[in-house]
Amino acid sequence: MSHAYTPGLKVSEAAEFLRVRLLPIPGDVLVKQGEDVEPESVVARALLPGNVVTANLARLLGVAATDIPALLLVKEGDAVTKDQPIAQSKGIFGMFKQSANAPTTGVLESVSKVSGQAIFREAPIPVDVKAYVGGTVSEIVPGFGAHVDARGTMVQGIFGIGPEVSGEIVIASDDPARPLLPADVKPTHRGKVLVGGSVARLDALRACVQAGVAALVVGGIDAADLKELLGYDIGVAITGSEAVGLTVVVTEGFGELAMSGRTHRLLSDVAGRKASVSGATQIRAGVMRPEVLVPHEIEVIEKTETDSGYMHGGSVVRIIRDPHFGELGKVVDLPPEPARLDTEAKVRILTVALRSGEHVTLPRANVELVDERL
Amino acid sequence: MTQPIRSILATDCGSTTTKAILIELTDEGYRLKVRGEAPTTVEKPFDDVTVGVINAVTEVSELAGRPLVGEDGRIIVPQQGDAGVDLYLSTSSAGGGLQMLVAGVVRTMTAESAERAALGAGAIVMDVICSNDKRQPHEQIARIRHLRPDMILLSGGVDGGTTSHVAELAELIGAADPKPRLGSGYELPVVFAGNVDARGAVREALQDKTALSIVDNLRPTLDHEHLDPARDQIHDLFMEHVMAQAPGYDKLKSWTSAPVMPTPGAVGAIIQTVAKQRDISVIGVDIGGATTDVFSVFPSAETGEPVFNRTVSANLGMSYSISNVMASAGIENVLRWVPFDIDESELRNRIKNKMVRPTTIPSLIRDLQVEQALAREALRLSLIQHKDFATELKGKRRARDISEAFAQSGSGDTIVDMMALDLVVGSGGVLSHAPRRVQAALMLVDSFEPMGVTKLAVDSIFMMPQLGVLASIHEEAATQVFERDCLVPLGTCIAPVGTTKGGRPLATVTLELPDGRREITIGAGDLELVRLPTGQSVRCRIEPSKGVDVGHGPGVAFETEVEGGEAGILLDGRGRPIRIPSVAKERVAAIEQWIRNLDLYPRESR
């Protein structure tokens with residue numbers, strides 16, 4: 001039996017996670033190599049060039065662009081305040097002079113002799129990059145930031161929304177197959193990372209927002225509820241900037257889907273610890289999955305099958321499309337020859353033994369590796 | 001005499017899959033030998049596109065039974081005995097392809113010409129900034145800063161015209177000081193293709209802040225578009241700057257016998273080659289996971305010259321963007337193609353699950369039918385966008401005759417004439433891998449609604465990108481493989497346009513089939529298929545009823561030759577636009593009838 005390359009989601013109790021934390025433009029790095037950092041620690045800071053505001057002085061004064069330099073009251077590079085006169089026309093016999101005023105407070109950056117356009121730069125905008133995860137600074141990227149290295153439990157989800165947050169893990173439902181109900185969400189969950197069950201419907205999601213829950217980790221979510229929560233439909237899976245007041249990590253998919261037993265167990269094992277959670281998902285061009293990272297002491301880094309990405313006989317897989325969507329099974333055969341499906345499509349297939357003992361034949365594309373033990 | 005090229009290996013590094021084909025010179029000319037594929041590896045843990053290339057080539061090598069990869073891990077070029085190939089070429093759309101920002105002075109004139117140049121070069125156009133786009137300069141600057149494109153194309157002004165507007169645009173770009181999407185250590189490439197008199201001002205504004213290059217004006221006069229220099233420059237910069245930032249591309253670049261082309265640019269190249277060689281009007285469509293590209297070549301109504309257009313519907317695709325197809329088309333439009341009732345919430349979840357696990361494929365017939373319904377809508381919406389873009393040059397001065405004045409036609413009319421269309425070529429998994437070819441034929445007909453007599457074909461195994469790049473250096477090999485191995489003829493669609501009274505048929509079609517003459521009447525709402533194998537063509541007389549047009553004018557009968565294919569001759573009396581019953585029960589009954597008539601899906605599923 002051969003093997004096949006099949007990406008999967010990482011779920012490990014002993015993973016190493018290195019997060020590269022960089023500024024978008026050069027700035028100051030505020031940490032040192034070897035330093036311990038918390039999720040909230042500022043790693044690097046930069047000043048983004050301020051916003052730009054323009055004013056066409058030639059049009060405002062009714063003169064040719066080439067005449068503008070002689071009419072300026074301030075020099076390029078000078079600081080200006082909003083409404084300060086910056087250029088004045090000569091008028092007629094010294095009368096009827098027209099003025100052009102600064103449209104904002106900042107610096108007069110340039111004035112074009114071709115178009116007559118003046119460009120004003122507002123005050124720089126500070127940008128901070130935080131550590132996001134509690135760990136150790138393992139490498140400095142001069143002028144940009146640092147690598148933060150940590151070890152512990154790592155759970156990748158399939159889809160998420162919302163920004164990076166951190167909080168203490170609380171298990172809201174002991175049963176990974178039970179839906180999360182609004183009554184499960186308590187006022188004491190403010191700022192926490194709540195681990196739910198098979199699905200969080202709209203009322204439960206809203207209860208989380210209302211209670212100030214930092215992040216919710218749940219097996220499934222209904223597409224219609226997500227649309228209702230966000231106020232719009234997500235058309236392309238690029239997320240992370242949603243501002244609904246809750247970061248959500250969906251571990252299995254859309255619909256009601258029991259959270260994988262291993263995921264639930266690993267998160268239960270770290271209940272009470274501080275987790276870093278990101279909802280950012282990008283399926284295309286630089287795949288990024290949402291994640292829950294819980295740093296803690298580990299002795300040996302676990303090497304899992306999903307790390308290799310290669311599936312072989314005995315590999316545990318999750319079926320990720322109907323029929324049998326969500327079920328786990330063991331690979332029993334990976335025939336090299338393509339075979340015909342019910343649809344008559346000829347594709348590469350595999351045979352999976354389900355937990356029930358039933359053997360099913362599926363397209364290879366419809367399974368993903370999981371670090372579960374059966 | 002130089003030795004002919006004996007073998008060619010070409011890869012296309014897509015965002016998900018890297019596809020490799022091996023072409024060999026045989027007694028019959030150049031033919032496809034084998035193909036292989038492997039997941040693209042620009043992401044972690046590999047971070048090197050050549051890993052996926054070598055995996056795909058290794059599969060090809062195994063299937064061809066001869067070594068193509070040397071012990072040093074490189075593709076063996078040139079061919080030495082049985083090992084290696086004489087040419088190795090590649091296209092790429094991995095890492096999000098080429099993402100460009102376009103700027104021009106007037107939206108419908110120079111900015112539109114610039115957009116056409118960028119799209120023709122194979123780019124995804126992220127935004128079009130122009131002097132009259134109703135945004136304030138500071139909003140435009142904020143947008144430029146936010147986008148982080150791979151490249152900017154700046155145009156504006158006809159040669160000798162005013163320079164102030166284009167100078168102003170250059171100053172806005174300079175003030176935004178945009179950073180490239182990939183890599184922070186290099187300057188953003190900016191191509192200026194505008195008024196020659198503005199070059200000095202543009203240099204002053206951008207030379208120190210960007211990697212500025214200047215080429216001929218793409219709209220030297222209002223009546224003339226000159227896109228090639230800008231397109232060529234975009235291709236060069238794509239390789240030099242953009243791809244050089246992507247993981248492994250430096251290595252890939254050193255392996256290829258010609259520059260790596262952006263995938264859509266290569267597809268456009270082969271479509272143009274075919275239109276030119278056959279002297280026909282063509283629409284090509286490539287429906288991918290994230291985007292749908294539409295290419296067309298139609299003659300300009302004014303000059304008669306063939307005009308190439310390409311559009312990218314950036315968020316209409318069958319996996320990453322599938323959820324957006326649903327959002328853009330509306331659930332009713334998707335469901336009208338589905339021959340069964342389905343719970344709306346279940347459908348939404350199913351589509352979102354495909355979005356987050358984009359590589360899965362339908363293994364149930366109903367799942368396949370839902371995906372094909374979504375494909376119809378993605379294709380339909382993409383063609384609407386294409387028609388809006390593929391127009392005569394706007395802002396052109398021209399004399400109108402009296403008939404044009406009455407017809408209210410003018411500059412800016414679409415040149416996409418579905419009645420004049422000769423050939424539709426479909427590409428992309430949902431079309432090329434449709435289990436039955438007749439499914440692909442009907443998806444193309446349902447979404448594009450060709451009128452009159454139109455040939456249909458699909459790209460058998462997504463070979464168009466590789467053949468496009470091959471056409472740039474070996475046109476003969478590219479066209480031979482395109483005709484013999486790439487293009488799969490599906491057949492011909494005959495679609496009368498118009499209505500009749502009193503239940504009279506729309507047209508009568510008489511086919512001189514190999515087993516005898518067959519006369520078929522096409523009634524309103526009918527959809528029939530006459531099998532005619534690939535390679536056969538038959539005489540056909542078409543007699544439309546009064547007021548009905550099949551290509552030669554209302555009520556005008558004519559004779560023509562129609563070609564068969566893997567589907568056959570499709571006789572479509574469903575009207576233009578296609579009329580589908582709005583009541584669910586009647587809709588399901590109508591679709592089931594069409595499925596039966598065309599033998600569209602396996603029998604046990606119905």
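The values are calculated or read from the model by the stated rules, or taken from the named source; none is laboratory data. Bear in mind that the values here come from a model prediction, so they are computed numbers and not experimental data. Using ideal geometry, Cβ is built from the backbone for each residue, glycine included, and neighbour counts are taken over all protein chains shown. Remember, those area values only see protein heavy atoms, side chains included, never the ligands or the DNA or RNA. Shrake-Rupley method; radii C 1.70, N 1.55, O 1.52, S 1.80 Å.
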> In square nanometres, what is one fourth of the surface area of the convex hull spanned by the alpha carbons of chain A?
Replying inline: 26.2 nm²
>> About the Cα centre, and with charges only on the beta carbon of Lys, Arg (+1) and Asp, Glu (-1), how big is the dipole of chain B? Nearest 20 debye, please.
In response: 1420 debye
> What's the average, rounded to a whole number, of partner chain beta-carbon atoms within 10 Å of each residue's beta-carbon in A:247-255?
Replying inline: 3
>> Checking the a/c ratio against 1.5 first, then a/b against b/c, what shape does the Cα gyration tensor give for the range B:248-300?
In response: oblate
> Using only Cα atoms, what is the ratio of the radius of gyration of the protein assembly as shown to 2.2 N^0.38 Å?
Replying inline: 1.01
>> Quick check: pseudo-label points 7 Å beyond the Cα along Cα→Cβ at B:Gln593 and A:Thr105, how many nm apart are they?
In response: 7.4 nm
> At a Förster distance of 30 Å, what's the computed FRET efficiency of B:His146 paired with B:Ile331, Cβ-Cβ distance as r, to 0.05?
Replying inline: 0.40
>> Given R₀ = 25 Å, what would the calculated FRET efficiency be for B:Asp388 paired with B:Ser300, taking r from the Cβ atoms and rounding to 0.05?
In response: 0.90
>> Relative contact order of chain B, please, whole-number percent, based on alpha carbon pairs below 8 angstrom and at least 6 residues apart.
In response: 10 percent
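Compute the accessible area per residue over the range B:110-218, keeping the other protein chains in place, probe 1.4 Å, unit Å². Present the calculation step by step, with values, prior to reporting the outcome.
Values: 3630 Å² over 109 residues.
Value for the range B:110-218: 33 Å² per residue.
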> Could you give the dipole magnitude of the range A:312-369 about its Cα centre, charging the beta-carbon of Lys and Arg +1 and that of Asp and Glu -1, in debye to the nearest 20?
Replying inline: 140 debye
> Once you average over the residues of A:337-348, how many Cβ atoms of partner chains fall within 10 Å of each Cβ?
Replying inline: 5
> Any idea what angle helix A:202-211 forms with the longest principal axis of chain A, computed on alpha-carbon atoms, 0 to 90 degrees, nearest 10?
Replying inline: 60 degrees
> In nm, to one decimal, how far is the modelled label at B:Thr108 from the one at A:Arg273, with both set 7 Å along Cα→Cβ?
Replying inline: 6.4 nm
> So if R0 is 51 Å, what FRET efficiency would B:Ser254 and A:Glu122 give, r being the distance between their Cβ atoms, rounded to the nearest 0.05?
Replying inline: 0.65
> Which whole number gives the average, over all residues in A:112-121, of C-beta atoms from other chains lying within 10 Å of the residue C-beta?
Replying inline: 6
>> Charges on Cβ only, +1 for Lys and Arg, -1 for Asp and Glu, centred on the Cα centroid of the protein assembly as shown; of B:Pro306, A:Leu246, B:Gly248, which one is farthest towards the dipole's positive end?
In response: A:Leu246
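Would you mind giving the total buried accessible surface between chains B and A, with a 1.4 Å probe and ligands, DNA and RNA left out, rounded to the nearest 100 Å²?
Approximately 4800 Å², summed over both chains.
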> Assigning unit charges at the beta carbon (Lys, Arg +1; Asp, Glu -1) and nothing else, what dipole magnitude in debye, to the nearest 20, does the range B:447-598 show about its Cα centre?
Replying inline: 820 debye
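When only C-alpha pairs under 8 Å and at least 6 residues apart count, what is the relative contact order of the range A:52-121, in percent?
That works out to 42 percent.
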> Can you flag which of A:Lys10/A:Lys274; A:Lys130/A:Lys274; B:Lys134/B:Lys387; A:Lys130/B:Lys354; A:Lys113/B:Lys134; A:Lys186/B:Lys352 are past 26 Å Cα-Cα?
Replying inline: A:Lys130/B:Lys354; A:Lys186/B:Lys352
> How long are the three semi-axes of the equivalent ellipsoid of chain B, in whole Å, if each is the root of 5 times an eigenvalue of the C-alpha gyration tensor, listed from largest down?
Replying inline: 39, 32, 24
>> Can you tell me which aspartates and glutamates have their Cα less than 20 Å from the Cα of A:Lys330? Leave out same-chain residues fewer than eight positions away.
In response: A:Glu252, A:Glu305, A:Asp307, A:Asp322, A:Glu358, A:Glu368, A:Asp371, A:Glu372
>> Give me Rg/Rg_expected for the range B:266-605, where Rg uses Cα atoms only and Rg_expected = 2.2 N^0.38 Å with N residues.
In response: 0.99
> What percentage of the solvent-accessible surface of the protein assembly as shown, computed with a 1.4 Å probe over protein heavy atoms, is contributed by carbon and sulfur atoms?
Replying inline: 50 percent
> How far is it, in nm, from the label point at A:Thr81 to the one at A:Val209 when both lie 7 Å from their Cα along the line to the Cβ?
Replying inline: 4.2 nm
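For A:Tyr232, B:Tyr88, what's the largest-to-smallest order of accessible area, 1.4 Å probe?
Values: A:Tyr232 110, B:Tyr88 0 Å².
So the residues, ranked largest to smallest area, are A:Tyr232, B:Tyr88.
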>> Using a 7 Å offset from Cα along Cα-Cβ at A:Glu38, what residues in the range A:120-154 end up with backbone N under 17 Å from the label point?
In response: A:129-137
> How many angstrom lie between the C-alpha centres of the range B:244-311 and the range B:14-63?
Replying inline: 20 Å
> Among A:214-223, A:133-142, B:169-178, how do they line up from the highest to the lowest mean number of other beta-carbon atoms within 10 Å?
Replying inline: A:214-223, B:169-178, A:133-142
> Just the Cα atoms of the range B:294-350: what Rg and Dmax do they give in Å?
Replying inline: 17.4, 52
